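Taking it in order: structure first as structure tokens, then the write-up.
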Amino acid sequence: MTFDDWYRQDRLPHIFCAGCGNGTIINCTLAAVDQMGWKKDDTVFVSGIGCSSRAPGYIVTDSLHTTHGRAIAFATGVKMANPDLNVVVFTGDGDLAAIGGNHFIHACRRNIDLTVVCMNNQIYGMTGGQGSPTTPRGCFSTTTPTGCVEMPFDLCELAIAAGANYVSRWTSYHVKELEKAVKVGLETPGFSFIEALVQCPTAFGRRNKFRQVADHVEYLRAHSLLKAKRDRLIEAGEAVPDDMFVVGELARRKRPALGVKP
Ligand code: SF4
């Protein structure tokens, strides 16, 4: 079996825009799931609302496409009702960190045995390009026409502070690293959070001077700062560039968790 076998072929082609990064993240996640040797009957994918949340509809397992922001709440119910199931959540930055923000932090606090993969395109894509809680300062959206003036959430720092057992961040450029990170997340008991920064040419890219999809992917690559390098800068007392984001494994710990398989 390969990860292709996890796709619901009769639902293809997908609805994502040409050049969207979401497909890469779904591929990486399904490759990791396939390596786990999980059975389809024992695996459930859950999502909320948004472009990323269309993902479970393309996968050959039971799935829940739920209401906006509530994917983690539904996933919690599935996992607590039947801890034998493997439960994976697909979400986006608006779904997870705005209307779903409280579900996110409390699922981290409870450390429920879920794996959450967040496709962070830093904007509301499906609803027309409004600013989200992760839109960077200075970036343009339909609700920040002169540039965003708010500080964005660092979703990984939020997950670590709230108690998640496993946290990592990569981008759509880092395919192999992301696949490995999702696999570690799937293997780790408790709440696992994997953030994947993705290009969104339709809602974000065209408003923020990324004329080509490749320009945005290159931006993600060039502005990724490996955690080990960030730590060396801090040890040396040097400034960490504030236009870069830290990538790598950011937390792996063994706090008590809920819903772990007996
Ligand atoms: Fe992807 Fe953006 Fe299109 Fe949504 S709007 S499918 S995130 S490119």
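What follows is calculated from the coordinates using simple rules that are stated; it is not laboratory data. All values reported here derive from a predicted model rather than from experimental measurement. Every residue, glycine among them, receives a Cβ derived from its backbone with ideal geometry; neighbour counts consider all protein chains shown.
Could you please let me know if residue 145 is within 13 Å of residue 245 (Cβ to Cβ), free of Cβ contacts under 8 Å to residues at least 24 places away in the same chain and either more than 15 Å from the chain's Cα centre (by Cα) or within 12 Å of the ligand (Cβ to nearest atom) (or both)? Even if it seems obvious, please write down each step before you answer.
Numbers: within 13 Å of residue 245 (Cβ to Cβ): no; free of Cβ contacts under 8 Å to residues at least 24 places away in the same chain: yes; either more than 15 Å from the chain's Cα centre (by Cα) or within 12 Å of the ligand (Cβ to nearest atom) (or both): yes.
No, not satisfied.
Considering only helices (runs of 4 or more DSSP H) fully contained in the range 151-262, which possess at least 1 residues that are surrounded by 14 or more Cβ atoms within 10 Å (Cβ to Cβ), touching a Lys or Arg at 6+ places or on another chain (Cβ under 6 Å) and in contact (Cβ under 8 Å) with a residue 60 or more places away in the chain?
In the range 151-262, 155-162 are the helices (runs of 4 or more DSSP H) which contain 1 or more residues that are surrounded by 14 or more Cβ atoms within 10 Å (Cβ to Cβ), touching a Lys or Arg at 6+ places or on another chain (Cβ under 6 Å) and in contact (Cβ under 8 Å) with a residue 60 or more places away in the chain.
Any residue that is over 20 Å from residue 244 (Cα atoms), assigned to a helix (DSSP H, G or I), touching a helix residue (DSSP H, G or I) at 6+ places or on another chain (Cβ under 9 Å) and away from the ligand (no atom under 16 Å from the Cβ) - is there at least one of those in the range 110-119?
Kept after step one, since they are over 20 Å from residue 244 (Cα atoms), are these residues of the range 110-119: 110-117.
After this cut, where a residue has to be assigned to a helix (DSSP H, G or I) as well, the list is 110.
With the extra rule that they be touching a helix residue (DSSP H, G or I) at 6+ places or on another chain (Cβ under 9 Å), the set shrinks to 110.
Next cut, away from the ligand (no atom under 16 Å from the Cβ) only: 110.
Yes, the conditions are met somewhere in the range 110-119.
If you go through the range 28-35 one residue at a time, do you hit one that is within 16 Å of the ligand (Cβ to nearest atom) and in contact with a Cys (Cβ under 7 Å, 6 or more places away or on another chain)?
No, that holds for no residue.
Rundown of residues vs (1) surrounded by fewer than 22 Cβ atoms within 10 Å (Cβ to Cβ); (2) within 17 Å of residue 186 (Cα to Cα), yes/no style:
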residue	(1), (2)
24	yes, no
36	yes, yes
54	yes, no
60	yes, no
70	yes, no
94	no, no
98	yes, no
107	no, yes
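Can you tell me how many residues in the range 15-26 are under 19 Å from the mean Cα position of the chain (by Cα) and touching a residue at least 40 places away in the same chain (Cβ under 8 Å)?
So the answer is 8.
Of (1) among the aromatic types (Phe, Trp, Tyr); (2) over 18 Å from the mean Cα position of the chain (by Cα); (3) more than 16 Å from the ligand (Cβ to nearest atom), residue 74 satisfies all except one. Which?
Of the numbered conditions (1) among the aromatic types (Phe, Trp, Tyr); (2) over 18 Å from the mean Cα position of the chain (by Cα); (3) more than 16 Å from the ligand (Cβ to nearest atom), the odd one out for residue 74 is (2).
What number of residues within the range 196-253 are among the basic types (Lys, Arg), within 24 Å of residue 182 (Cα to Cα) and within 16 Å of the ligand (Cβ to nearest atom)?
0
For the range 120-130, which positions are crowded, with 24+ Cβ neighbours inside 10 Å and near the ligand (Cβ under 8 Å from one of its atoms)?
Correct list: 121, 123, 125.
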